[in-house]
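Asks: Here it is, the structure in full.
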Amino acid sequence: MSLRRTAAAAALTLAALTGATAAHADAPRAVPGVASAPSGPSGPSGPAAGAALPVFTDGHGLTVLPGATEVHSPTDFTLTVTTKQLSGQHKIRILLPAGYDAAPERRWPVTYFLHGGGGTVDDVAAAPALHSDAMITVVPDGGLKGWYADWLMQNTAEGAANWETFHLTQVVPFIDANLRTRADRDHRAVVGLSMGGYGSLHYAEARPDLFGHVAALSGGIDFGMAQVRAAVLATELNLTGAWCAVSSSSSTSGSGKCTGYGPYVDSDAIFGSPYPVFNADRIWKAVDPAAPANLAKLSRTGITLYTGNNDIIDVHTEAASKTVKARLDQLGIASRLVNYGNGASLAPSCNGGHNYGCWAPAFADYVPRLEAAFAAAG
């Protein structure tokens with residue numbers, strides 16, 4: 001049997017272990033052209049109606065499509081861009097603080113939110129705390145199965161797929177060039193959930209010069225786990241249900257069922273062979289967020305992990321988060337792990353599963369702490 005056929009068989013078997021369907025949560029759903037009304041202490045009060053959007057200039061390899069901007073509110077809009085690093089058109093959703101237009105001399109911290117597998121930039125509508133009056137939030141497209149990686153194979157049905165390059169060398173400097181940001185690591189955070197939880201921790205490790213704060217929610221953050229590798233393979237093979245983030249964009253009519261990861265691609269397309277034979281899995285090991293050598297790069301970074309343990313998906317994210325926390329402790333690196341178990345300790349909406357019923361209140365807990373850290377940085 002060929003290695004790729006073996007990979008496909010493993011993905012089918014292990015994806016079944018990680019869940020045929022994702023747990024349902026009644027997450028808020030984004031409506032095109034209509035802004036969700038944020039609430040709570042971190043939600044913006046809203047600027048005067050008719051405030052002009054910032055003008056964005058092409059640069060850093062990104063071209064903004066004219067006439068394609070979606071305006072959800074004066075402080076919530078989505079750009080569409082093209083880049084040679086990725087095939088097709090891609091969206092960047094931007095949430096501004098209410099005072100951005102009224103304080104033209106002020107510069108703001110920035111948080112990058114990385115969505116989960118099967119999701120889109122509109123998933124941010126399901127986490128109102130991320131629309132804060134104390135920071136800019138940027139939500140770049142991460143693909144249905146981009147895994148925040150520069151893919152090994154660039155000739156699949158997905159075409160060019162250099163997601164890490166797009167985010168770190170194009171989107172970040174593009175945002176700093178076009179918005180009034182505090183362009184230093186102490187005032188820049190990366191946060192994500194599920195697939196984006198992997199992305200956030202990996203990006204913080206890959207570029208500690210860029211990010212001084214990181215949060216991973218229910219993240220696939222231990223590539224030493226067969227279940228996590230199987231989830232990646234399942235997305236490559238478009239086997240819905242494996243760690244698919246139930247969100248405002250990935251479920252239809254509130255069904256809570258992921259609509260898919262896009263076209264089938266080779267099971268080695270993203271990180272190469274997942275099998276530890278003759279070092280065939282060398283890329284997996286090199287980018288593993290739980291590897292001590294990678295965790296050691298976070299010695300000056302504020303680190304927060306969230307997970308439940310009450311469904312067939314988050315039981316694995318709990319294991320991964322505990323491993324990361326234990327290794328950080330061994331390295332003497334401070335971190336905060338919030339294990340909310342069945343969700344009762346977090347919020348009434350949380351059942352401890354892999355859904356925005358838990359992630360929204362987790363962000364509501366995290367964002368004020370992040371705002372305080374930004375403020376303390378001066």
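The values are calculated or read from the model by the stated rules, or taken from the named source; none is laboratory data. Computed from a predicted model, the values in this text were never measured in an experiment. All Cβ positions, glycine included, derive from the backbone under ideal geometry; neighbour counts span all protein chains shown. What goes into the accessible areas is simple: the full protein's heavy atoms, side chains included, and nothing from ligands, DNA or RNA. Shrake-Rupley method; radii C 1.70, N 1.55, O 1.52, S 1.80 Å.
Asks: Going through the stretch 338-349 one residue at a time, which ones are outside any strand (DSSP E or B), aliphatic (A, V, I, L, M) and either open to solvent by 70 Å² or more (accessible area, probe 1.4 Å) or within 9 Å of L305 (Cα to Cα) (or both)? So that I can check it myself, show each step before the final result.
Replies: Going residue by residue through the stretch 338-349, those that are outside any strand (DSSP E or B) are 342-349.
Now narrow it down to the ones that are aliphatic (A, V, I, L, M): 344, 346-347.
If the condition is that a residue be outside any strand (DSSP E or B), aliphatic (A, V, I, L, M) and either open to solvent by 70 Å² or more (accessible area, probe 1.4 Å) or within 9 Å of L305 (Cα to Cα) (or both), then A344 is the only one that fits.
Asks: Let me ask something else. Scan the stretch 190-199 and give yes if some residue there is within 19 Å of I92 (Cβ to Cβ) and open to solvent by 10 Å² or more (accessible area, probe 1.4 Å), otherwise no.
Replies: No, that holds for no residue.
Asks: Let me ask something else about it. Take the conditions in contact with a strand residue (DSSP E or B) (Cβ under 9 Å, 6 or more places away or on another chain), crowded, with 24+ Cβ neighbours inside 10 Å, outside any loop (DSSP other than H, G, I, E, B) and modelled with pLDDT of 95 or more and apply them to V214. Does it pass?
Replies: So V214 passes the test.
Asks: In the stretch 307-362, which residues are of a type in the set (A, V, I, L, M, F, W, C) and closer than 16 Å to M225 by Cβ?
Replies: Those that are of a type in the set (A, V, I, L, M, F, W, C) and closer than 16 Å to M225 by Cβ: I312, I313, V315, A319, A320, V324, A326.
Asks: Does the stretch 93-103 contain any residue that is at pLDDT 95 or above and touching a Gly at 6+ places or on another chain (Cβ under 8 Å)?
Replies: yes
Asks: Under 9 Å between Cβ atoms, which residue pairs at least 6 apart in sequence (or on different chains) link something in the stretch 152-166 that is under 20 Å from L201 (Cβ atoms) with a partner that is among the polar types (S, T, N, Q) and open to solvent by less than 30 Å² (accessible area, probe 1.4 Å)?
Replies: N162/T83; T165/T83; F166/T83
Asks: Name the residues in the stretch 57-88 that are assigned to a loop (DSSP other than H, G, I, E, B) and over 26 Å from D150 (Cα atoms), would you? Step through it out loud before you land on a result.
Replies: In the first step, residues of the stretch 57-88 are kept if they are assigned to a loop (DSSP other than H, G, I, E, B); the result is 57-58, 60-61, 65-69, 74-75, 84-85.
Residues satisfying the conditions are P66, G67, A68, T69, P74, T75.
Asks: Answer yes if at least one residue in the stretch 228-246 is touching a strand residue (DSSP E or B) at 6+ places or on another chain (Cβ under 7 Å), at pLDDT below 95 and surrounded by fewer than 24 Cβ atoms within 10 Å (Cβ to Cβ), and no otherwise.
Replies: yes
Asks: Within the stretch 299-337, work out how many residues are in a strand (DSSP E or B) and either open to solvent by 30 Å² or more (accessible area, probe 1.4 Å) or of a type in the set (K, R) (or both). Quick ask: steps written out before the conclusion?
Replies: If we filter the stretch 299-337 for residues that are in a strand (DSSP E or B), which is where we start, we get 302-308, 336-337.
Right, trim to either open to solvent by 30 Å² or more (accessible area, probe 1.4 Å) or of a type in the set (K, R) (or both) and you get 302, 336-337.
Adding up the residues that qualify gives 3.
Asks: What number of residues within the stretch 350-373 are open to solvent by less than 30 Å² (accessible area, probe 1.4 Å), part of a helix (DSSP H, G or I) and over 28 Å from S299 (Cβ atoms)?
Replies: Within the stretch 350-373, residues that are open to solvent by less than 30 Å² (accessible area, probe 1.4 Å), part of a helix (DSSP H, G or I) and over 28 Å from S299 (Cβ atoms) number 5.
Yes/no matrix, rows are residues, columns are (1) of a type outside the set (F, W, Y); (2) closer than 22 Å to L193 by Cα; (3) assigned to a helix (DSSP H, G or I):
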| position | (1), (2), (3) |
| --- | --- |
| G260 | yes, yes, no |
| V277 | yes, no, no |
| K285 | yes, yes, yes |
| N294 | yes, yes, yes |
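Asks: Given (1) closer than 30 Å to Y275 by Cα; (2) open to solvent by 10 Å² or more (accessible area, probe 1.4 Å); (3) in contact with a strand residue (DSSP E or B) (Cβ under 7 Å, 6 or more places away or on another chain), identify the lone condition not met by R182.
Replies: Unmet condition: (1).
Asks: With the requirement that a residue be out of contact with any Lys or Arg (no Cβ under 9 Å at 6 or more places or on another chain) and open to solvent by 20 Å² or more (accessible area, probe 1.4 Å), what does the stretch 127-162 give you?
Replies: Residues satisfying the conditions are P128, D133, A134, L144, D150, L152, M153, Q154, N155, T156, A157.
Asks: Just to check your reading of the model, which residue among V110, V71, V81, V55 is modelled with pLDDT of 95 or more, open to solvent by 70 Å² or more (accessible area, probe 1.4 Å), touching a helix residue (DSSP H, G or I) at 6+ places or on another chain (Cβ under 9 Å) and not acidic (D, E)?
Replies: On the way: V110 fails: open to solvent by 70 Å² or more (accessible area, probe 1.4 Å); V71 fails: touching a helix residue (DSSP H, G or I) at 6+ places or on another chain (Cβ under 9 Å); V81 fails: open to solvent by 70 Å² or more (accessible area, probe 1.4 Å).
Criteria check complete, one pass: V55.
Asks: Now for a different question. Is it true that some residue in the stretch 89-101 is more than 20 Å from T304 (Cβ to Cβ), open to solvent by 10 Å² or more (accessible area, probe 1.4 Å), part of a loop (DSSP other than H, G, I, E, B) and among the hydrophobic types (A, V, I, L, M, F, W, C)?
Replies: Checked the stretch 89-101: at least one residue is more than 20 Å from T304 (Cβ to Cβ), open to solvent by 10 Å² or more (accessible area, probe 1.4 Å), part of a loop (DSSP other than H, G, I, E, B) and among the hydrophobic types (A, V, I, L, M, F, W, C).
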